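Quick note: the coordinates plus some simple rules give every number you see, no bench work behind them. If you're wondering where the values come from, they're calculated on a predicted model, not measured in any experiment. Here the Cβ positions follow ideal geometry from the backbone for every residue, glycine too, while neighbour counts run over all protein chains shown.
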């Protein structure tokens, strides 16, 4: 069905960014606008989700150019779920930033850029055109470049060099893949490509393009062996920025992989096996890397890599059940990872360090915070009945039914490694006796902050913790949702009809 | 014409990757620029090159019947050039900042964020 309002999330973020730019040096006005606008944007995302959930796939043809000639925006269940999650994470990070980001950074346009980043994310999820996807990716990366370097500390700049290089390389590879795909199929609309690519006789070249897409998105989503930039850069910016990066940016890559490999390139045996092996290695390398680290945010960075492997595993098994598991994991992971990075920001404000060997005694001194942070931590480890558990159950069941024994082994190993890391983290940071830490002059501690800022840092963590509790305890809703999404992905005919069928409706 | 373009694209990709593998940060940027230009040329080449046949419909006809130059790749390249211009200028400034802060051009020296005990 045609509905021009599906681009509203994108337009609204653009509006917010532009509005914020008028208040460049008035940081308190920016804080207020960010809080209000991010709540409105969650409202818009909920409206869009409800609309799509009730009426099926909605499309928007830019400038009334019918598909496949114009740029198409498609809001199917997968896109809108991602938009909703982005809006929720964006709201949490926005509110957290009002408390945790320094005024000096805010005066360099932190909030407008954050909203541009969210706009890019919404656009990337909603577009139905592969070149348009590239453009949204570029908007995302240019905004993230600014966010990662804003403040200009030495570690930030060093991390940014790696981050920028790998992202530019990924974009070049993505563009190369689009070039060859356009040469092969003569179309850029993803629904049209789905039909065209299936008819191409030169399967070898199609596989080459598929691998190029895999490498391009693989760099962005940090799969083995392309993940080294992630742990080297994600811990350098302020925690709020790490949260939006860790929660959302790598997941766009996963979203794109899931979309491309279910719609355009149906994996053959070689590609399927490749995905399975890559998933295993990603889980292993991320998990082992996390054990070694002592900086809390670096531990979380490695765990991002590890858990990207789980989602890739779902794609590698390529049955409806496994894809469903991957999507459940994606939903759970966005909320939990955002929350964990925010929690690390809170711990930094409490103690002035993130080195887990120096931290300690948080449970004794701040029991309420500890219980709050325990929710995302143990959701991540997948302790039943929290949210990570259900996703893993479906992934393992999917693997069992498809006889992927090696993958099941690695998924269990990955869960075990995560549990180990989380247990170590819990023991070191929360249970161990507190060590006297030298007071840092350049850190503004939590108890020195104004009450507004304190609440601004705690409320988003509570909000996301409640969301992840909902995902875990009311798992049935999420299971139904991911089941529907997986069914839509595996049988793209509804998607194709929604995009291309509009051609016959209007003269 | 195609053959020349193929050779040029190959050279651009090869030299871009070679430059990226060097240790100097400036060479890294040059490599990225060359790679981006190679990708743009590739879009141009794979959009099928047709000489002297603009996609303009004759006033007497309703559609194009003859072979014509596809305008889409050129639109794509234009977009990609503008985007890469922005990204590359950002990258150049970033490298300058990095040089000022770390006092080195050697990428191997930029490994403090990778060390476990920073």
Task: Helix-derived mean residue ellipticity, 222 nm - over the protein assembly as shown, DSSP H n ≥ 4, -39500 (n - 2.57), to 500 - done: -24500 deg cm²/dmol
Open item on the list: Inside 10 Å of the C-beta atoms of B:44-50, what's the mean count of C-beta atoms belonging to other chains?
Closed with: 3
TODO: Would you mind classifying the range A:51-133 by shape? Square roots of the alpha carbon gyration tensor eigenvalues, ordered a ≥ b ≥ c; an a/c under 1.5 is rounded, otherwise it is prolate if a/b is larger than b/c and oblate if not.
DONE: oblate
Task: chain A: angle of helix A:8-21 to the longest principal axis, Cα-based, in degrees nearest 10 - done: 40
Task: Percentage, to the nearest whole number, of Cα pairs in chain A over 36 Å apart - done: 26
TODO: Hey, for a label at residue A:21 modelled as a point 7 Å past Cα toward Cβ, could you say which residues of the range A:126-164 have their backbone N under 18 Å away?
DONE: A:136, A:138-147
TODO: Quote the FRET efficiency, to the nearest 0.05, computed for residue A:195 versus residue A:320 with a Förster distance R0 of 22 Å and r equal to the Cβ-Cβ distance.
DONE: 0.55
Task: Where only alpha carbons of the range A:317-361 are counted, the Rg and the Dmax (Å) - done: 16.4, 47
- [ ] Partner chain Cβ atoms within 10 Å, averaged over the residues of B:89-97 - can you pull that number for me?
- [x] 4
Open item on the list: Based on the alpha carbons, how large is the Rg to Rh ratio for the range A:418-465 when Rh follows Kirkwood?
Closed with: 1.07
Open item on the list: Can you give me the C-alpha center-to-center distance between the range A:445-467 and the range A:405-427, rounded to a whole angstrom?
Closed with: 30
Open item on the list: Need one value for A:155-166: mean number of C-beta atoms belonging to other chains within 10 Å of its residues' C-beta atoms.
Closed with: 6
Open item on the list: Under a crude label model (7 Å from the Cα following the beta-carbon direction), how far is residue A:443 from residue B:48 in nanometres?
Closed with: 6.4
TODO: Quote the FRET efficiency, to the nearest 0.05, computed for residue A:401 versus residue B:92 with a Förster distance R0 of 56 Å and r equal to the Cβ-Cβ distance.
DONE: 0.60
Open item on the list: For the pair residue B:11/residue A:427, report the inter-label distance in nm, with labels modelled 7 Å from Cα in the Cβ direction.
Closed with: 6.2
Task: Ranking of B:99, A:366 by count of other Cβ atoms within 10 Å, fewest first - done: B:99, A:366
- [ ] Could you state the angle between the C-alpha long axis of helix A:203-221 and the longest principal axis of the C-alpha atoms of chain A, as a value from 0 to 90 degrees rounded to the nearest 10?
- [x] 20
Task: In nm, spacing of pseudo-spin labels at residue A:50 and residue A:29 (7 Å Cα→C-beta vector) - done: 3.3
Open item on the list: I'd like the orientation of helix A:387-401 relative to chain A: the angle between its Cα long axis and the longest Cα principal axis, in ° from 0 to 90, rounded to 10.
Closed with: 40
- [ ] Quick one: P(r) of chain B from all Cα-Cα pairs, 10 Å bins, percents rounded to integers, in order of increasing distance.
- [x] 12, 29, 26, 16, 10, 5, 2, 0
